[in-house]
Amino acid sequence: MSGTVRAVRGATGVRADTRQDIRTATEDLVRELLGHNGLAAADVEALFFTVTPDLTADIPPLVLQERGVLNVPCLCSAEPRWDGEMPRVIRVMALVHADRDASLEPVYLSGAAATRP
Ligand SMILES: O=C(O)C(=O)C[C@]1(C(=O)O)C=C[C@@H](O)C=C1
């Protein structure tokens, strides 16, 4: 682990409000966010998730704990409701160790790119 603490964003759509779909979406999102940016699990300092209020079957931090994917401080809250909001979306802001000039790119999966302004 080296570098300074940086932030990188990601989001994914979730097929349905089921434990399995939330688990799959959470694991895919974290894996792709790290892989796309050349980051290792040891580079991750903390994860902040939001979920749209229509996702109730599970929450990303519990998925990661139960699966032993990443053991870092996590926080999860409900995304505010707004007109035109895309349903069933998990968003993440990862705090990671990376070089100051490293190009960190957001990762949007399963239709979540449509949520970007
Ligand atoms: O980046 C996303 O996931 C978005 O949906 C875009 C956006 C934004 O407007 O900046 C919308 C709401 C989220 O809380 C964060 C970011």
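By how many nm would the segment from Thr24 to Gln65 lengthen if fully extended, with 0.36 nm per residue of separation less the alpha-carbon distance? Present the calculation step by step, with values, prior to reporting the outcome.
Details: separation 41, 0.36 × 41 = 14.76 nm, distance 1.38 nm.
Going from the current span to full extension adds 13.4 nm.
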Quiz item: Considering only protein heavy atoms and a 1.4 Å probe, what is the carbon-and-sulfur percentage of the accessible area of the stretch 27-117?
Solution: 53
Exercise. Only loop residues by DSSP count here, and only those with at most 15 other Cβ atoms within 10 Å; note down the trypsin sites (Lys or Arg not before Pro) in the stretch 47-109 that meet that.
Key: Arg81, Arg100
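Rounded, prolate or oblate: which one fits the stretch 4-99, using the alpha carbon gyration tensor with axes a ≥ b ≥ c (rounded when a/c is under 1.5, else prolate when a/b beats b/c, else oblate)? It would help to have the intermediate numbers written out before the result.
Numbers: a/c = 1.98, a/b = 1.52, b/c = 1.30.
Prolate, since a/c reaches 1.5 and a/b exceeds b/c.
Restricting to the chain, what percent of DSSP beta bridges are antiparallel, rounded to 5? Don't jump to the answer; show the numbers that get you there.
On the way: 17 of 25 bridges.
In the chain, approximately 70 percent of DSSP beta bridges are antiparallel ones.
With every protein chain kept in place and ligands, DNA and RNA left out, what is the accessible area per residue of the stretch 4-99? Probe 1.4 Å, answer in Å². Please report the intermediate quantities before stating the final value.
Values: 4740 Å² over 96 residues.
Solvent-accessible surface per residue comes out at 49 Å².
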Quiz item: Angle between the Cα long axis of helix 19-36 and the longest principal axis of the chain, 0 to 90 degrees, nearest 10?
Solution: 30
Self-check item: Distant-in-sequence amide H partners of Arg6 (H built 1.01 Å from N, under 5 Å)
Solution: Val96, His97, Ala98
Practice problem: Treat each spin label as a single point 7 Å out from the Cα along the C-beta direction, and report the Met93 to Ala42 distance in nm. | Solution: 2.8
Exercise. For the chain, with a Gaussian network of springs between Cα atoms less than 10 Å apart, report the residue from Ala11, Ala40, Ala98 with the top mean-square fluctuation.
Key: Ala40
Quiz prompt | Cα→Cβ-extended label distance, 7 Å offset, between Thr56 and Leu75, nm | solution = 2.5
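The values are calculated or read from the model by the stated rules, or taken from the named source; none is laboratory data. What you are looking at is a predicted structure, and each value in this text was computed from that prediction instead of being measured. Because the Cβ atoms are built from the backbone with ideal geometry, glycine has one as well, and the counts that use them run over all protein chains shown. Keep in mind that these areas ignore ligands, DNA and RNA; they rest on the heavy atoms of the full protein, side chains included. Shrake-Rupley method; radii C 1.70, N 1.55, O 1.52, S 1.80 Å.
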